[in-house]
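Asks: Sharing a structure below in structure tokens format, with a few things to ask.
The values are calculated or read from the model by the stated rules, or taken from the named source; none is laboratory data. Fair warning: this is a prediction, and the values are worked out from it, not measured in the lab. FYI the Cβ positions are ideal-geometry reconstructions off the backbone, even for glycines, and counts take in every protein chain you see. Accessible surface is based on the protein model in full, side chains and every heavy atom, while ligands, DNA and RNA are left aside. Shrake-Rupley method; radii C 1.70, N 1.55, O 1.52, S 1.80 Å.
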Amino acid sequence: MTYDVVIRGGKVVDGSGLPGFSADLGIRGDRIVKIGRIDESGAREIDADGCIVAPGFIDVHTHYDVQLDWDPTASPSCWRGVTTVLTGNCGFTVAPSRPADVGWLAAMLSRVEGMSKEALAEGFKFKGGSFDDFWSRLEGRLGVNAGGYVGHCAVRRWAMGDDASERTATREEIAEMQTLVREAMQQGALGFSTSQLDIHVGDDGRGVPSNFASREEIIALASVLAEFDHGAIEIIPHSFATGYDKEDRALLHELYRVSGKPIELNILTPTPQNPMSWQDTLDFCNEAHAQGIRLHPQFTTNKLELHLKLSDTFVFDEMPTWRDILTQSEPERSRRLADSEWRARMLTEWEADDGRAVAFDLGDLEVEEVRNPEHSDWVGRSIEALAKERNKSTFDTFLDLSLAESLEVNFRTRYKEDANKFIAHVVESGLKSPIAMAGSSDGGAHLASFTGADYSTRLLAEWVPNTVTLEHAIWRLAGMPATVHGLRDRGFLKVGAFADVVIFDLSRLASGEAFLARDFPAGTERYIVEAEGYVATLVNGQVMMEDNKHTGALPGHVIWGC
């Protein structure tokens, strides 16, 4: 028997949660054909001595839909052992779409998910059409495997036009949306996604279309999934930050009743409104599972660090005056930020909010990067320190520094030690829960604000073995998401499975600090986090990443629901 690839001498952790073992892997074409002792040589030999050999990780919560047009590897997720990405979360997709609506949907993504308008204009090529039209064009052009949900905002825009961002739907419009979801599922969608968060605001300053949906509409669209033998639901109800209120809990129960499909929820995280909301969420999900209802919240092991600049940020959007100002074009945006009357309104709103919308204090923000060399002494200093030096409030100092840099000064949040300890407790609780999934990378989104793709590296490097075993961590990263989302022959190392494999040196595994890179179309920027310790990543039997570099191979498959 001949092999295209033989991986020799590593410790195989197969994704099942069972103890790892010493074995070789033989690969032919895109499949694993043998696990055990292999005497024959392969056309390509990989020495995995001293390394872990695991199934490729599955990144369940991403927004790589548009980035795949110019970056088929879905970086930076692919730098961290990820071989499969699931896109179209939160109800945000660009298909199905009428050609005239593609620009509107792309602008919505730019605002809500922090995608650069300039990068979209230069790099995004989709011109409209069905779910199948969007994904078929990517066949043979992917480095990683990728598939997606059908998003609520897209189907609502198709059925209702501009009214989708204004009102509830009629019975006839809901029926049309059901048809669109059904067609997308028939064409291979992995499920249906939606959200109803007030912070989600489109480029036009209005709430995104899914925010205007009635309870009955969401239930009707989810019910379509009962017709299929595949699929999942991803949803962020409006009260997620407070641990789900009575109405949203009833909604989630009903979504499962009508669909029979697993439901993926957002992250377990403390919020200013309710520091124990994560525990309320976990308790609720455990109670639901005791009743046979499959709810899966996510836990996050990435570094909870936010970057922002007033030229491009969504983080203040729950405060109407701030949102109104920060959705203005220049020079009007800067004019209002400098105006004393507008500032007074902003300050009143900030003080009345008392941290409910934004989980940080302005004084704790730290200057991360400036454009003007004359301001280089600001870098690394907090707004609080700079405000004292100027004998001004932290609020005015924050705005003054921003205006002095034409709104391009970058700030980053820093959490105090007590807060970090509490967050670690939340993560540990999620890790120990059998129903919570690893994830929440938001890969491809919030490029100027956040990078969460380091969650896989941090889970392995920082939580193994003191909190969970290596085998359990690998199951969380591969086997569990494959099972929840019904991804056949992925997530596990077994004979007959697709050869999605990651090889890493656990002793060297580490995640770096986030930094700003200008490597996107039109010279635009994004935050990225580099990784160490990954030896090679194979996608469908081909080495796609080696020593943290893309080999040029594009072996990824479009993951069609089946």
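Asks: Which value, in debye to the nearest 20, gives the size of the charge dipole of the stretch 11-155 about its Cα centre, when Lys and Arg are +1 and Asp and Glu are -1 at the Cβ?
Replies: Details: 14 positive and 19 negative charges, 52 e Å.
Dipole magnitude for the stretch 11-155 comes out near 260 debye.
Asks: Restricting to Cα pairs below 8 Å that are 6+ residues apart, what does the relative contact order work out to for the stretch 71-216? Please round to a whole percent.
Replies: Numbers: 227 pairs, mean separation 49.4, N = 146.
So the answer I get is 34 percent.
Asks: Further question: Tell me, Kirkwood radius of the chain from alpha-carbon pair distances, in Å? Intermediate results must be reported in sequence, preceding the final value.
Replies: Details: mean 1/r = 0.0413 Å⁻¹.
Radius from the Kirkwood sum: 24.2 Å.
Asks: With each pseudo-label sitting 7 Å past Cα toward Cβ, what's the residue 216-residue 379 distance in nm, one decimal?
Replies: 5.8 nm
Asks: Once both labels are modelled 7 Å past Cα along the beta-carbon direction, what's the residue 166-residue 47 spacing in nm?
Replies: 6.9 nm
Asks: Assuming R0 = 35 Å, can you tell me the calculated FRET efficiency for the pair residue 391 and residue 515, based on Cβ-Cβ distance, to the nearest 0.05? Show your work: numbers first, answer last.
Replies: Details: r = 33 Å, r/R0 = 0.93.
The pair residue 391/residue 515 has a calculated efficiency of 0.60.
Asks: What does the charge add up to near residue 83, with Lys and Arg as +1, Asp and Glu as -1, over the other residues with Cβ less than 11 Å from its Cβ?
Replies: Numbers: positive: 80, 490; negative: 59, 500.
Within the 11 Å Cβ shell, the charges total 0.
Asks: What distance in nm separates the two pseudo spin-label positions at residue 118 and residue 290, each 7 Å out from Cα along the beta-carbon direction?
Replies: The two pseudo-label positions are separated by 5.5 nm.
Asks: If r is the Cβ-Cβ distance from residue 324 to residue 100 and R0 is 22 Å, what FRET efficiency results, to the nearest 0.05? Please report the intermediate quantities before stating the final value.
Replies: Numbers: r = 27 Å, r/R0 = 1.22.
Efficiency computed from Cβ-Cβ geometry: 0.25.
Asks: With only Lys, Arg, Asp and Glu charged, each at its Cβ (+1 for the first two, -1 for the last two), find how big the charge dipole of the stretch 429-562 is about the Cα centre; round to the nearest 20 debye.
Replies: On the way: 10 positive and 14 negative charges, 87 e Å.
Magnitude of the dipole: close to 420 debye.
Asks: Here's something else I'd like to know. Past the 25 Å Cα-Cα mark, which pairs from 309/432; 117/309; 309/549; 246/303; 34/549; 303/432? Walk me through the intermediate numbers first.
Replies: Numbers: 309/432 36 Å; 117/309 16 Å; 309/549 30 Å; 246/303 31 Å; 34/549 27 Å; 303/432 19 Å.
From 309/432; 117/309; 309/549; 246/303; 34/549; 303/432, over 25 Å: 309/432; 309/549; 246/303; 34/549.
Asks: Summing -39500 (n - 2.57) over the DSSP H runs of n ≥ 4 in the chain and dividing by its residue number, what mean residue ellipticity at 222 nm do you reach, to the nearest 500 deg cm²/dmol?
Replies: -8500 deg cm²/dmol, from helical runs alone.
Asks: Does a label point 7 Å from the Cα of residue 242, set along Cα-to-beta-carbon, have any residues of the stretch 309-352 with amide nitrogen under 18 Å, and which are they?
Replies: Answer for this model: 318-320, 352.
Asks: OK, next. Expected output is a single nm value to one decimal: the length gained when fully extending between residue 508 and residue 422, i.e. 0.36 nm times separation in residues minus the C-alpha distance. What is it? Walk me through the numbers on the way to the answer.
Replies: Details: separation 86, 0.36 × 86 = 30.96 nm, distance 2.70 nm.
Gain on stretching residue 508 to residue 422: 28.3 nm.
Asks: What angle do you read, to the nearest 10 degrees and between 0 and 90, between the alpha-carbon axis of helix 102-112 and the longest principal axis of the chain?
Replies: 80 degrees
Asks: Between the helical axis of 171-186 and the dominant principal axis of the chain, each derived from Cα atoms, what acute angle in degrees is found, rounded to the nearest 10?
Replies: 30 degrees
Asks: Suppose every K and R has +1 on its Cβ and every D and E has -1 on its Cβ; what is the size of the dipole of the chain about the Cα centre, in Debye to the nearest 20?
Replies: Numbers: 55 positive and 86 negative charges, 224 e Å.
For this selection, approximately 1080 debye.
Asks: Okay, next question. Helix 394-404 versus the longest principal axis of the chain: what is the Cα-based angle in degrees, 0 to 90, to the nearest 10?
Replies: Helix 394-404 sits roughly 80 degrees off the main axis of the chain.
Asks: Another question, then. Which three semi-axes in whole Å describe the equivalent ellipsoid of the stretch 225-267, each the square root of 5 times a Cα gyration tensor eigenvalue, listed largest first?
Replies: Numbers: eigenvalues 87, 26, 6 Å².
One finds semi-axes of 21, 11, 5 Å for the stretch 225-267.
Asks: Sticking with this structure for a sec: Tally Lys/Arg at +1 and Asp/Glu at -1 over every other residue whose Cβ is under 11 Å from the Cβ of residue 186; what's the total? Show your work: numbers first, answer last.
Replies: On the way: positive: 182; negative: 132, 183, 227.
Its environment carries a net charge of -2.
Asks: What's the Kirkwood radius of the stretch 1-98 in Å, using all Cα pairs? Mind dumping the intermediate values first?
Replies: Details: mean 1/r = 0.0637 Å⁻¹.
Taking the inverse mean of 1/r over all distinct Cα pairs, the stretch 1-98 comes out at 15.7 Å.
Asks: Given the options 480, 457, 467, identify the residue whose Cα lies farthest towards the positive end of the charge dipole of the stretch 430-562 (+1 on Cβ of Lys, Arg; -1 on Cβ of Asp, Glu).
Replies: With unit charges placed on the Cβ atoms, the residue in question is 480.
Asks: What is the Cα centroid distance between the stretch 67-105 and the stretch 487-503, reported in whole angstrom?
Replies: Between the Cα centres of the stretch 67-105 and the stretch 487-503 lies a distance of 23 Å.
Asks: In addition: Considering only DSSP beta bridges where both residues belong to the chain, give the percentage that are antiparallel (nearest 5). It would help to have the intermediate numbers written out before the result.
Replies: Details: 41 of 71 bridges.
Roughly 60 percent of the beta bridges in the chain run antiparallel, per DSSP.
Asks: Between residue 467 and residue 257, what FRET efficiency follows from the Cβ-Cβ distance if R0 is 51 Å, with the result rounded to 0.05?
Replies: Result of the calculation: an efficiency of 0.90.
Asks: Next question. Can you sort 422, 131, 240 by solvent-accessible area, 1.4 Å probe, largest first?
Replies: Details: 422 70, 131 5, 240 35 Å².
So the residues, ranked largest to smallest area, are 422, 240, 131.
Asks: Give me the base-10 log of I(q)/I(0) for the stretch 36-143 at each q in 0.20, 0.22 Å⁻¹, Debye formula, one uniform scatterer per Cα, rounded to two decimals.
Replies: Here log10 of I(q) over I(0) equals -1.09, -1.29.
Asks: Please give the direction-averaged projected area of the C-alpha convex hull for the stretch 398-544, in square nanometres with one decimal. Don't skip to the answer; put the middle values down first.
Replies: Numbers: hull surface 47.1 nm².
Mean projected area of the Cα convex hull: 11.8 nm².
Asks: Specify which residue in the list 445, 85, 119 is farthest towards the positive end of the charge dipole of the chain, using unit charges on the beta carbon of Lys, Arg (+1) and Asp, Glu (-1), about the Cα centre.
Replies: 85
Asks: Something else: Between residue 250 and residue 549, what length comes free when the chain is fully extended (0.36 nm per residue of separation minus the Cα-Cα distance, one decimal in nm)? Don't skip to the answer; put the middle values down first.
Replies: Working: separation 299, 0.36 × 299 = 107.64 nm, distance 4.71 nm.
Here the answer is 102.9 nm.
Asks: How many angstrom lie between the Cα centre of the stretch 249-285 and the Cα centre of the stretch 154-201?
Replies: Taking the Cα centre of the stretch 154-201 as reference, the centre of the stretch 249-285 is 22 Å away.
Asks: For the chain, build the charge dipole from Cβ charges (+1 Lys, Arg; -1 Asp, Glu) around the Cα centre, then report which of 423, 509, 231 sits farthest towards its positive end.
Replies: It is 231.
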